[in-house]
1. Going 7 Å from the Cα of residue 179 along its beta-carbon direction, which residues of region 132-151 have the amide nitrogen within less than 14 Å of the resulting point?
2. Would you please report the Å³ per residue occupied by the convex hull of the alpha carbon atoms in region 155-217?
3. State in Å² the accessible area per residue of the chain; use a 1.4 Å probe, count heavy atoms of protein chains only, and round to the nearest integer.
4. Placing +1 at every Lys and Arg Cβ and -1 at every Asp and Glu Cβ, with all other atoms neutral, what dipole size does the chain have around its Cα centre, in debye to the nearest 20?
5. Could you order peptides 200-206, 151-157 by the average number of other Cβ atoms within 10 Å of their residues, highest first?
6. With runs of 4+ DSSP H residues as the only contributors, calculate the mean residue ellipticity of the chain at 222 nm using -39,500 (n - 2.57) per run, divided by the residue total and rounded to the nearest 500.
7. On alpha-carbon atoms, Rg over Rh for region 90-163 using Kirkwood Rh?
8. Two decimals, Cα atoms only, Kirkwood Rh: what is Rg/Rh over the chain?
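The values are calculated or read from the model by the stated rules, or taken from the named source; none is laboratory data. This is a predicted model, so every value here is computed, not measured. Cβ placement follows ideal geometry from the backbone for every residue including glycine, while neighbour counts extend to all protein chains displayed. Areas reflect the complete protein model, heavy atoms only, side chains present, ligands, DNA and RNA absent. Shrake-Rupley method; radii C 1.70, N 1.55, O 1.52, S 1.80 Å.
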Amino acid sequence: MTAILEINDLKKTFDNGTPALKGVNLKINKGEFVSILGPSGSGKTTLLRTINGLETSSTGEIYFDNKVIDNNTILEVQKKTGMIFQDFNLVNNLSAINNVLTGLLNSSNKFLSLFYLFKKDQKIEALRSLETVGLLEKSYNRSDELSGGQRQRVGIARAIIKQPLLLLADEPVASLDPKAANLILSLLKKINKEFGTTILCNLHQVDLAKKYSDRLVGLLDGKIIFDEKSENINKSNLEKIYV
Ligand SMILES: Nc1ncnc2c1ncn2[C@@H]1O[C@H](COP(=O)(O)OP(=O)(O)OP(=O)(O)O)[C@@H](O)[C@H]1O
Ligand SMILES: [Mg+2]
């Protein structure tokens, strides 16, 4: 199997001296759906943010698609990676389709609201992404007119419009009820199966993580405590992280 992501002895200490990652080793193969479990403060968000360059590592290496992530490759990594957030990160006064189109902007042109500059085929691509998440009929609704679950579906459509190899999801269902949470995770699973997109997802709900992921990684205090196939996760694994 080919690795899409290989993380070697990754350490991150924030400027204020907080050690958030203390030597993480993790290999993720193309097409896998991996969830990271761990209590608050264990380093889950820091790990995802370091992978897509929102944080810099202190030491260690990350290989994405066999290339080491550094200043020269980070833009390429960001192009091929989609990010999904707990609080959706949508622009409230924009329609669903325009929020999805922002997924095509890179960080340097993100704040220009030049939506009329998007080409017809890009708009069609945005509608296709909204169709994938089952939200085509809400394409022209403002995002603040949508429910939480619908907003997260827009967030997913925005993340998949550039057909990423890897989706990073940071607690994508934390603010949703169980029914909406299941819908969002089954959508991620559908994207994983249909497009072969690799998924790395931070979750707090063990049952949901087991139901949708191929593999579960337990993080505690910046260190990986277990890394097991979902079906092999048992009480003693979980007791090690939820102390
Ligand atoms: N910008 C920052 N500056 C300093 N310390 C930080 C910063 N961001 C996170 N930390 C610290 O790094 C550690 C890991 O935080 P992180 O947000 O990665 O945890 P988490 O597992 O995502 O937690 P949660 O489940 O609450 O989201 C914590 O001790 C946190 O206080
Ligand atoms: Mg977090």
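1. Under cut-off, by backbone N: 147-150.
2. 81 Å³
3. For the chain, the solvent-accessible area averages 49 Å² per residue.
4. That gives a dipole near 420 debye.
5. Ranking, from highest mean packing down: 151-157, 200-206.
6. Calculated at 222 nm, the ellipticity per residue is -9500 deg cm²/dmol.
7. A ratio of 0.93.
8. 0.96
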